[in-house]
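Asks: Questions regarding the structure given below will be posed in turn.
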Amino acid sequence: MSGGPFRTGLYVPGDRPDRFGSAESSGADLVVFDLEDAVAPERKAMARDAVMEWLRGGRRAAGSAATGAADAGSDAGLRGDSTSVQVRVNAADDADLRAVAALPPAVGIRLPKVEHPSQIDRVVDITPGHPVIALLESARGVLRASAIAEHPAVVSLALGESDLRSDVGGGERMLEHARLTVLFAARAAGLPAPMASVFPAIRDLDGLDADTRRAADLGLFGRMAVHPSQLPVIAAVFSPTPAEVAWAEEVLAALAAGGVATLASGEMVDPAMRARAERIRSLVS
């Protein structure tokens with residue numbers, strides 16, 4: 001499951017192998033090993049080697065005690081539980097892509113600065129079989145979201161909100177428009193709702209909660225984090241409340257016979273509500 005939906009995702013810098021184990025044991029649904037923004041140019045080669053060694057299985061000797069990882073029979077260094085793995089590459093770095101091509105196909109490629117489907121074609125030529133997560137970080141990328149989402153290698157879309165602010169300017173209303181544009185493009189292409197971008201103020205958990213709720217209200221699902229302390233806040237926002245779970249169960253029971261039904265509260269429900277109820281029930285962990 002490389003494209004989601006995921007409640008929580010965590011970036012870990014590729015040049016910090018001392019953090020790889022704690023990232024994988026953080027409880028995040030998705031761990032993204034970052035070879036792009038988080039790594040200084042002079043450390044790129046070292047970071048690439050460290051990530052590739054870890055994901056190929058060298059992590060067993062170096063970090064299995066710290067991570068509580070599954071036995072060595074699991075898929076080439078991927079965890080044996082439900083955590084998924086992606087690598088964020090440099091957009092124009094063939095060395096990054098060739099390295100990921102040697103990893104199992106379950107490893108997703110998080111591709112930044114996508115502005116045209118032809119960029120995905122180039123990635124597929126180098127890394128056939130790997131799913132692509134397209135990061136839209138410019139006005140051009142957002143305006144071409146639908147075409148990018150329709151590419152057969154793309155399994156999800158995401159916004160790079162900091163880069164988008166630099167390119168476009170504006171504030172919350174601009175981001176709201178971009179979030180909705182990318183959401184509709186993703187859903188129209190049959191992709192999961194995009195995850196919200198990182199909230200950079202690591203210590204401002206109240207701000208994180210408020211902004212994540214705004215994103216959820218727009219229809220986004222899940223959020224990337226840059227620190228494990230952000231994960232519980234994000235998970236709580238995207239977990240259904242007991243009242244929502246009870247509603248979903250009652251709706252599905254009421255609709256079991258087909259047609260229109262009435263809940264105990266007096267709310268009328270019909271088959272159009274089934275998908276929402278099933279989605280809520282699927283989120284119960």
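Taken together, the values in this text are just the output of simple stated rules run on the coordinates, not laboratory data. What you see is a predicted model, and the numbers here were worked out from it, not measured in a lab. As a convention, Cβ positions derive from the backbone with ideal geometry for all residues, glycine included, and neighbour counts pool all protein chains shown.
Asks: Please give the charge dipole size of the chain, origin at the Cα centre, charges +1 on K and R Cβ atoms and -1 on D and E Cβ atoms. Round to the nearest 20 debye.
Replies: For the chain, the charge dipole is close to 180 debye.
Asks: Consider the candidate values (i) 19.8, 64; (ii) 17.0, 51; (iii) 21.2, 70; state which one is Rg and Dmax of the Cα atoms in Å computed from the structure displayed.
Replies: Only one listed value fits the structure, namely (i).
Asks: Now, a different point. Extension gain Leu263-Thr241, at 0.36 nm per residue separation less the Cα-Cα distance, in nm?
Replies: 6.1 nm
Asks: Could I have the simple spin-label model distance between Asp270 and Ala45, label points 7 Å from Cα toward Cβ, reported in nm to one decimal?
Replies: Between Asp270 and Ala45, the label points sit 6.6 nm apart.
Asks: If you take every residue apart from Ser138 with its C-beta less than 13 Å away from the C-beta of Ser138, what net charge results, scoring Lys and Arg +1 and Asp and Glu -1?
Replies: Every neighbour counted, the sum reads -1.
Asks: Going by average Cβ density within 10 Å per residue, which order do the peptides 265-276, 116-127, 30-41 take, highest to lowest?
Replies: For the peptides 265-276, 116-127, 30-41, the packing ranking is 30-41, 116-127, 265-276.
Asks: Also: Near Arg43, within a Cβ-to-Cβ distance under 13 Å, what is the net charge of the other residues, with Lys and Arg +1 and Asp and Glu -1?
Replies: Overall, the nearby charge balance is -3.
Asks: Moving on to the next point. Each label point is 7 Å from the Cα along the Cα-to-Cβ direction; what then is the distance between the points at Ala95 and Asp217, in nm?
Replies: 4.6
Asks: Can you work out the FRET efficiency for the pair Asp209 and Ala102, with r the C-beta to C-beta distance and R0 = 35 Å, to the nearest 0.05? Don't skip to the answer; put the middle values down first.
Replies: Working: r = 40 Å, r/R0 = 1.14.
With a Förster radius of 35 Å, E is 0.30.
Asks: Among Ala243, Ala196, Ala45, determine the one that fluctuates most according to a GNM of the chain built with springs between C-alpha atoms less than 10 Å apart.
Replies: Comparing Ala243, Ala196, Ala45 in the GNM, the peak value goes to Ala243.
Asks: Lys and Arg at +1, Asp and Glu at -1: add these up for the other residues within a Cβ distance under 15 Å of Val284 and post the number.
Replies: -1
Asks: Roughly speaking, what is the stretch gain from Arg56 to Leu283, that is 0.36 nm per residue apart minus the C-alpha to C-alpha distance, in nm to one decimal?
Replies: 78.6 nm
Asks: Please compute the length gained on full extension between Ala253 and Ala188, using 0.36 nm multiplied by the number of residues separating them and subtracting their Cα-Cα distance.
Replies: Gain on extension, Ala253 to Ala188, equals 20.5 nm.
Asks: Select from Ala261, Leu180, Pro152 the residue farthest towards the positive end of the dipole of the chain; place +1 on Cβ of Lys and Arg, -1 on Cβ of Asp and Glu, and compute about the Cα centre.
Replies: Pro152
Asks: What value, in deg cm²/dmol to 500, does the helix sum -39500 (n - 2.57) over DSSP H runs of n ≥ 4 give at 222 nm once divided by the residues of the chain?
Replies: Using -39500 (n - 2.57) per qualifying helix, the result is -12000 deg cm²/dmol.
Asks: Please list, ordered by chain and number, the residues whose modelled amide H lies under 5 Å from the amide H of Gly160; skip anything fewer than 5 residues away on the same chain.
Replies: Result for Gly160 returns Leu136, Glu137.
Asks: Assuming R0 = 51 Å, what is the FRET efficiency of Ser229 and Ala147, from their Cβ-Cβ distance, to the nearest 0.05?
Replies: That gives a FRET efficiency of 0.85.
Asks: So who's got an amide H within less than 5 Å of the one on Arg223, skipping anything under 5 residues away but keeping other chains? H placed 1.01 Å off N, in plane.
Replies: When sequence neighbours closer than 5 places are left aside, the close amide H contacts are Thr8, Gly9, Ala196.
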